[in-house]
Amino acid sequence: MKMTYREALREGLKNALEKDSRIFLMGEDIGAYGGTYAVTKDFLKLYGSERIFDAPLSENGFTGIGIGAALGGLRPVVEVMTVNFAFLALDQIVNSAAVYRHMSGGQVSVPLVIRTTTGGGRQVAAQHSNSFEGWLTHIPGIKILAPATVEDARSFLHFALEDNDPVMIFEHALLLNRSEEVSEKPAMISPYKALVRKSGDKLTLITYGGMLQRCLEATEASSDVEVIDLRSLRPLDTETIFSSVRKTHRVLIVDEGWKSGSLSAEISARIMESCFYDLDAPVQRLCRREVPIPYARHLELAAIPQTSEISAKIKEMLS
Amino acid sequence: MEEAKTLKLLHDMMRVRRMEELCAELYTQEKIRGFLHLYIGEEAVVTGVMSLLQPQDNIMATYREHGHALLKGIPAKSIMAEMFGKIDGCSKGRGGSMHLISAPHRFFGGNAIVAAGIPQAVGLALASKKLKEDRQTVCFFGEGAVAEGVFHEALNMAELWKIPVLFCCENNYYAMGTALARSQAQLNLPKKAEAHNVTAQSVDGMNVFEVIEKTRAALDFITREGRPYFLEFRTYRFRPHSMFDPELYRSKDEVLKWKEKDPINFLIEHMKKNDLLPPEKLDALEKKIEAEMQEAIRFAEMSELEPLEDLGKYLYENDL
Ligand SMILES: Cc1ncc(C[n+]2csc(CCOP(=O)(O)OP(=O)(O)O)c2C)c(N)n1
């Protein structure tokens, strides 16, 4: 059957709310407004204000409440409207959620799920187009998931809620309306396994989230390129990456984040550390241009990796 | 009965003070390292509040929390071992002085980011409310925290969503070296809580009886109304902010004036006046406390260090 990414997120949330009374949602405009991206439309009516908390504009505050509620035995799902505003909650995420288990010698844990929307491409300019998921991967103690398919959008929340550690899920805004064929029952493939979305033997293309579809489009006609969807950005499934690199000997990383101090840099370094002698050429990266994302369409298109650019890069690397 | 109760208060206050004095000594001996924030002068607050709480109640505190941990029931020896960075410390030596944590004591820290524990206490209280558990949640923080945005965010949401939590603001008038009057336009702290519709009151934090009376009223209100309450305890720290502070920002005279209100002396005077404290009782108390603390130090000395190979342990439930 056909399902959109948005419907998949909705289904994941509904299943969770119906399964476990300890689960509640908290975030800005998730109730009366129906969710900024209509993911939680009607939830307030369906589940009531005891389960659906319309939070004030207090990102650090309600993330902290989520942490406390998780410490106290609930299973909060906190929604930060978009990743751009998640930086206001960074203190709670980095200095508390991520450290409690380790700092307490394993005594307490923070089973908190934070959902947020990420990515550019909608002409909403520099303050609403960030892709900060890579930044968050810097932090030990949290897990970072990025569903790139409808199937993953449907199942990741389940895995995140099963987890007794803080998990952040980055949902790509451009994927919300994307429709894909899915089975009636979710496939439930653990997010901690990177998936080879398309196999090939001359080049490993590593990507995730909003860039996956572009990479698949760019390589549609070719059997040379192996496309890996990371799915989990922390922890990284390096095993899947390395075994592909050992087969293809060439790597291109496509990441919507910036290059400097980034996830793409990290992946590249790990390949260098473990597969240096398997490489036939330097690892290459296609990332967002090192500028704030502009409003004007032509500038924005030029700043974020596009399908044509990915195709050209692959061609160059294989010629 | 009255005598036993009052004696217990004195015992607790003296335990907190003695532990802090010994910590200062151990710091100069370099047995305790890092940041060390002493609570000396403020003991009436924690003693009074804790005297009304039960073992199942939740506590969220700051880096100045040794006394809170001790009076919540964490044994002195696991606190001391934590200060020494040893494996038998309540946080296995990973937290140190600022991060005393004990799940069985419902003591969640020990948070050293100013004001960060406040929304978390609201979350803990929300959990108890939703799970219909019989626990109170009490959150301690300094007056410096009221300048942080998250303080206001948390108080607003606590009142908005009717979350039963007690906010205990320990106003010792200085945030490190910044006097309240030099950092806040509004010095009336209850007004800040009232701005969010949270019921609030000021308390003489040097008088343990007033602490108990007003805290009891606050806890009763919270239970009855199912809403938060804010208490400002006016108190003073007799020691520097931490062990690195030359105290350039306040006068010796000011410190001496406050020392005249020493909460332990105040209680002793009160007890003497009311024939509640025969001299031999005070002696016996001191001996008992000394024995407890020396035993704690011995225990901490003897405790082992966590094996290096465990450094990566407890990052995630299923270590990745
Ligand atoms: C968010 C944050 N900013 C700054 C600091 C550094 N700092 C540690 S304690 C402190 C003063 C806090 O004063 P107060 O809240 O009144 O508590 P007190 O130390 O007096 O008990 C400061 C500024 C910090 N730990 N966290």
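The values are calculated or read from the model by the stated rules, or taken from the named source; none is laboratory data. As the structure is a computational prediction, the values presented were derived from the model and not from experiment. Neighbour counts are summed over all protein chains in view; Cβ atoms, including those assigned to glycine, are modelled from backbone coordinates with ideal geometry. Note: accessible area is taken over every heavy atom of the protein model, side chains too, but ligands, DNA and RNA are not part of it. Shrake-Rupley method; radii C 1.70, N 1.55, O 1.52, S 1.80 Å.
Summed over the range A:101-124, residues that are open to solvent by less than 30 Å² (accessible area, probe 1.4 Å) and either among the acidic types (Asp, Glu) or under 21 Å from A:ASN177 (Cα atoms) (or both) total 7.
Does the range B:140-156 contain any residue that is away from the ligand (no atom under 16 Å from the Cβ) and either more than 8 Å from every other protein chain (Cβ to nearest Cβ) or assigned to a strand (DSSP E or B) (or both)? The answer is no, given that none of the residues of the range B:140-156 is away from the ligand (no atom under 16 Å from the Cβ) and either more than 8 Å from every other protein chain (Cβ to nearest Cβ) or assigned to a strand (DSSP E or B) (or both). Among the residues of the range A:295-319, those that are open to solvent by 20 Å² or more (accessible area, probe 1.4 Å) and more than 28 Å from A:SER223 (Cα to Cα) comprise A:TYR295, A:ALA296, A:ARG297, A:HIS298, A:LEU299.
Against the numbered list (1) more than 30 Å from B:VAL165 (Cα to Cα); (2) away from the ligand (no atom under 15 Å from the Cβ); (3) in a loop (DSSP other than H, G, I, E, B), B:ASP253 comes up short only at (3).
Within the bounds of the range B:298-306, is there any residue that is under 21 Å from B:VAL46 (Cβ atoms) and touching a residue at least 40 places away in the same chain (Cβ under 8 Å)? Scanning the range B:298-306, I find no residue that is under 21 Å from B:VAL46 (Cβ atoms) and touching a residue at least 40 places away in the same chain (Cβ under 8 Å), so the answer is no.
Taken together, A:ASP152, A:ASP255, A:ASP237, A:ASP229 contain a single residue that is within 14 Å of another protein chain (Cβ to nearest Cβ), of a type outside the set (Gly, Ala, Ser) and open to solvent by less than 30 Å² (accessible area, probe 1.4 Å), which is A:ASP237. Considered as a group, the residues in the range A:70-100 that are part of a helix (DSSP H, G or I) and of a type in the set (Val, Ile, Thr) include one that is most open to solvent (accessible area, probe 1.4 Å), and that residue is A:VAL94.
Limited to the range B:122-139, what total is found for residues that are away from every other protein chain (no Cβ under 11 Å) and under 25 Å from B:ARG64 (Cα atoms)? Total satisfying the criteria: 2.
Taking the numbered list (1) of a type outside the set (Gly, Ala, Ser); (2) closer than 27 Å to A:ALA160 by Cα; (3) part of a strand (DSSP E or B) in turn, A:GLU226 passes all entries but (2). The residue that is farthest from the other protein chains (Cβ to nearest Cβ), among those in the range B:176-193 that are surrounded by 16 or more Cβ atoms within 10 Å (Cβ to Cβ) and more than 15 Å from the ligand (Cβ to nearest atom), is B:PRO190. Screening B:ALA175 on (1) farther than 26 Å from B:PRO246 by Cβ; (2) at pLDDT 95 or above; (3) under 18 Å from the mean Cα position of the chain (by Cα) shows it passes everything except condition (1).
When B:ARG227 is tested against the conditions (1) at pLDDT 95 or above; (2) outside any helix (DSSP H, G or I); (3) open to solvent by less than 30 Å² (accessible area, probe 1.4 Å), the lone failure is (3).
Close contacts from the range A:279-294, counting a first residue that is buried (at least 22 other Cβ atoms within 10 Å of the Cβ) and a second that is of a type in the set (Lys, Arg) and not in a loop (DSSP other than H, G, I, E, B), with Cβ to Cβ under 7 Å and a gap of 6+ residues or different chains, come to A:LEU286/A:LYS313.
Test B:GLY67 against the criterion of being away from every other protein chain (no Cβ under 14 Å) and either part of a loop (DSSP other than H, G, I, E, B) or touching a Pro at 6+ places or on another chain (Cβ under 6 Å) (or both), and give yes or no. Taking the combined requirement at face value, the residue does not satisfy it.
Of all the residues in the range B:236-269, those that are open to solvent by less than 60 Å² (accessible area, probe 1.4 Å) and farther than 21 Å from B:ASN171 by Cβ number 1. For the range B:96-107, the count of residues that are more than 20 Å from B:HIS11 (Cβ to Cβ), assigned to a helix (DSSP H, G or I), more than 16 Å from the ligand (Cβ to nearest atom) and open to solvent by 10 Å² or more (accessible area, probe 1.4 Å) is nonzero. Residue pairs whose Cβ atoms lie under 8 Å apart, separated by 6 or more positions or on different chains, with the first residue in the range B:57-84 and open to solvent by 10 Å² or more (accessible area, probe 1.4 Å) and the second at pLDDT below 95, are B:THR62/B:GLY110; B:TYR63/B:GLY110. Is it true that B:LYS162 is assigned to a loop (DSSP other than H, G, I, E, B), more than 16 Å from the ligand (Cβ to nearest atom) and either at pLDDT 95 or above or over 28 Å from B:ASN265 (Cα atoms) (or both)? Yes, satisfied.
Just one residue in the set A:SER244, A:SER274 is touching a strand residue (DSSP E or B) at 6+ places or on another chain (Cβ under 6 Å) and either farther than 17 Å from A:GLU226 by Cβ or assigned to a helix (DSSP H, G or I) (or both); that residue is A:SER244. Tell me yes or no: at least one residue of the range B:81-92 is aromatic (Phe, Trp, Tyr) and either at the interface with chain A (Cβ under 8 Å from one of its Cβ atoms) or under 20 Å from A:VAL110 (Cβ atoms) (or both). Taking every residue of the range B:81-92 in turn, none turns out to be aromatic (Phe, Trp, Tyr) and either at the interface with chain A (Cβ under 8 Å from one of its Cβ atoms) or under 20 Å from A:VAL110 (Cβ atoms) (or both). Applying the criterion of being assigned to a helix (DSSP H, G or I) and among the small types (Gly, Ala, Ser) to the residues of the range A:46-69, the residue that is farthest from the other protein chains (Cβ to nearest Cβ) is A:GLY66.
In the range B:197-220 there is at least one residue that is within 16 Å of the ligand (Cβ to nearest atom), under 26 Å from B:GLU260 (Cβ atoms) and surrounded by fewer than 21 Cβ atoms within 10 Å (Cβ to Cβ). With respect to the conditions (1) buried (at least 23 other Cβ atoms within 10 Å of the Cβ); (2) facing another protein chain (nearest Cβ under 8 Å), B:VAL165 lacks only one, and its number is (2).
Scan the range B:240-261 and give yes if some residue there is free of Cβ contacts under 8 Å to residues at least 12 places away in the same chain and of a type in the set (Ser, Thr, Tyr), otherwise no. Scanning the range B:240-261 turns up at least one residue that is free of Cβ contacts under 8 Å to residues at least 12 places away in the same chain and of a type in the set (Ser, Thr, Tyr). Residues that are surrounded by fewer than 24 Cβ atoms within 10 Å (Cβ to Cβ) and in contact (Cβ under 8 Å) with a residue 40 or more places away in the chain within the range B:131-141 comprise B:GLU133, B:ASP134, B:ARG135, B:GLN136, listed in sequence order.
Filtering the range B:99-117 to residues that are within 8 Å of another protein chain (Cβ to nearest Cβ), hydrophobic (A, V, I, L, M, F, W, C) and over 19 Å from B:GLN56 (Cβ atoms) leaves B:ILE113, B:ALA116. Here the condition is being surrounded by fewer than 18 Cβ atoms within 10 Å (Cβ to Cβ), β-branched (Val, Ile, Thr) and either without any contact (Cβ under 8 Å) to a residue 24 or more places away in the chain or outside the structural domain of A:GLY257 (by TED's automatic domain parsing) (or both); of A:ILE189, A:ILE142, A:ILE169, it holds for A:ILE189 alone. A single member of A:LEU299, A:LEU230 is more than 23 Å from A:LEU136 (Cβ to Cβ), among the hydrophobic types (A, V, I, L, M, F, W, C) and outside the structural domain of A:VAL83 (by TED's automatic domain parsing), and it is A:LEU299.
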